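I have placed the structure first, in the form of structure tokens, so that the comments after it can refer back to it.
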Amino acid sequence: MAEHPAYPVGLRLTGRRVVVLGGGQVAQRRLPALLAAGADIRLVSPDATPSVEAMADAGEITWERRPYEEGDLADAWYALIATSDTAANAAASAEAERHRVWCVRSDDADRATAWTPATGHSEGVTVAVLTTDARGRDPRHTAAIRDAVVEGLRDGTLVAPHHRTRTAGVALVGGGPGDPDLITVRGRRLLAEADVVIADRLGPRDLLAELPPHVEVIDAAKIPYGRFMAQEAINNALIEHAEQGKAVVRLKGGDPFVFGRGMEEAQALAEAGIPCTVVPGISSSISVPGAAGIPVTHRGVAHEFTVVSGHVAPDDERSLVDWPSLAKLTGTLVILMGVDKIGKIAEALVAHGRSPETPVALVQEGTTAAQRRVDATLGTVAETVVAQEVKPPAVIVVGEVVGVGPHGTA
């Protein structure tokens, strides 16, 4: 048997009996995939790990609390032998051979009739890797190959062309706070499959350089007090390209629904009958303070945090923020898009009861190579922003958590 490679095949186990002998770590690792395959699982073992026992308690598997006995494999389609009793493993393997039951052995792969491949999953695709030479089986090598293929599929560095017709649509992808490594794996994969990318200035710009030459990139940057692409024009561009049957990605900074106008775009697409997928992103309101060493909550310091938009000043009639109520909170206040309004925001907070000594941190270009942190207080932040030439994008954190670092006092 060792002279020939294994024949790869996918087993359809839904409703079919699978017998697992042994309730230890091997069973704990293998059972979830067997459950996902819909197998009717019968576990035979005197004991089991807590996780395996929990599966039995939940009714996911049938557990017979005893050692292996002759006849346990009679009705099985597939068997996993993983006990610590070598003699029992050999007897069960022999029974499997007599009943023509494909059998995996954790203690002696060469005496098994089946091998478990290193498997991984990505968007409806299962990757299974087997060593072809039985004499040179190296589980770590096959696992490494599996990991490389799955990671490539997930992050878009390994892309297989779609030969079937794709459904036209738009993906609203949250690109995260700026570091290209902080986009979700699904977002990165959709970028790799896109025909058109409509990108914000605050999206992870480095990812655009990785796109194939045929991908059309549309700059939807909205630069404060400068050139910008009107929202209506963005909506129209999304609809126009999707109606041409193209895969469109709207790449946004942070999360599409955290001050990203993602719902406006989703509504416009719905009105036009265009399918829309929302891919959440890591919001800068949490990730940027974290990258600068600031936790938005901390035991004994802050039991809540509030995220507000600062693009409209407190004294502006368009403001929807209840600044007097925010001033009375004792937790953390995170302000986005508020660099040029921070002076008036600080005045409002102090006027309604927040101490002028309250710590403030401004984190500019968070998570990128240009990140920098500037500290102040509510009483000094207006002049500090000018003196330190703090520019957007910057996340502003107000509260005692600003003083809590790796060696904090709280």
Leading residue by the ranking (nearest to Arg12 (Cα to Cα)) among those in the range 84-110 that are in a loop (DSSP other than H, G, I, E, B) and under 36 Å from the mean Cα position of the chain (by Cα): Ser106
Leu333, sole failed condition from (1) among the hydrophobic types (A, V, I, L, M, F, W, C); (2) free of Cβ contacts under 8 Å to residues at least 60 places away in the same chain; (3) under 27 Å from Gly353 (Cβ atoms): (2)
Matching residues, the range 9-33, being surrounded by fewer than 21 Cβ atoms within 10 Å (Cβ to Cβ) and either assigned to a loop (DSSP other than H, G, I, E, B) or at pLDDT 95 or above (or both): Val9, Gly10, Leu11, Arg12, Leu13, Thr14, Gly15, Arg16, Arg17, Gly24
Residue within the range 365-376 that is basic (Lys, Arg) and in contact (Cβ under 8 Å) with a residue 40 or more places away in the chain present: yes
Residue list for the range 220-238, filter: surrounded by 13 or more Cβ atoms within 10 Å (Cβ to Cβ), at pLDDT below 85, of a type outside the set (Lys, Arg) and within 19 Å of Glu265 (Cβ to Cβ): Ala220, Ala221, Phe228, Met229
Sole exception among (1) closer than 21 Å to Gly260 by Cβ; (2) over 35 Å from the mean Cα position of the chain (by Cα) for Leu378, by number: (1)
Qualifying residue in the range 362-373 (condition: buried (at least 17 other Cβ atoms within 10 Å of the Cβ), over 22 Å from Ile282 (Cα atoms) and in the same structural domain as Arg299 (by TED's automatic domain parsing)): no
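Here is a list: Thr119, Thr113. Which entry is more than 14 Å from Arg17 (Cα to Cα) and in a strand (DSSP E or B)?
Numbers: Thr113 fails: in a strand (DSSP E or B).
Result of the check over Thr119, Thr113: Thr119.
Yes or no: Ala79 of a type in the set (Gly, Ala, Ser) and in a strand (DSSP E or B)?
Working: of a type in the set (Gly, Ala, Ser): yes; in a strand (DSSP E or B): yes.
Considered against the rule, which asks whether it is of a type in the set (Gly, Ala, Ser) and in a strand (DSSP E or B), Ala79 comes out as yes.
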Selection count, the range 312-326, where residues are charged (D, E, K, R) and either out of contact with any Lys or Arg (no Cβ under 9 Å at 6 or more places or on another chain) or not in a loop (DSSP other than H, G, I, E, B) (or both): 3
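From the list Asp219, Asp206, which residue is closer than 14 Å to Gly176 by Cβ and among the acidic types (Asp, Glu)? Full working, then the answer.
Working: Asp219 fails: closer than 14 Å to Gly176 by Cβ.
Every option except Asp206 fails the conditions.
Based on what the data block shows, is Arg318 basic (Lys, Arg), surrounded by fewer than 16 Cβ atoms within 10 Å (Cβ to Cβ), on the phi < 0 side of the Ramachandran plot and out of contact with any His (no Cβ under 9 Å at 6 or more places or on another chain)? Give the steps one after another, and end with the answer.
Numbers: basic (Lys, Arg): yes; surrounded by fewer than 16 Cβ atoms within 10 Å (Cβ to Cβ): yes; on the phi < 0 side of the Ramachandran plot: yes; out of contact with any His (no Cβ under 9 Å at 6 or more places or on another chain): yes.
Criteria met by Arg318.
The values are calculated or read from the model by the stated rules, or taken from the named source; none is laboratory data. Everything quoted here is computed from the prediction, not taken from an experiment. Here the Cβ is made from the backbone with ideal geometry for all residues, glycine too, and neighbour counts use every protein chain on show.
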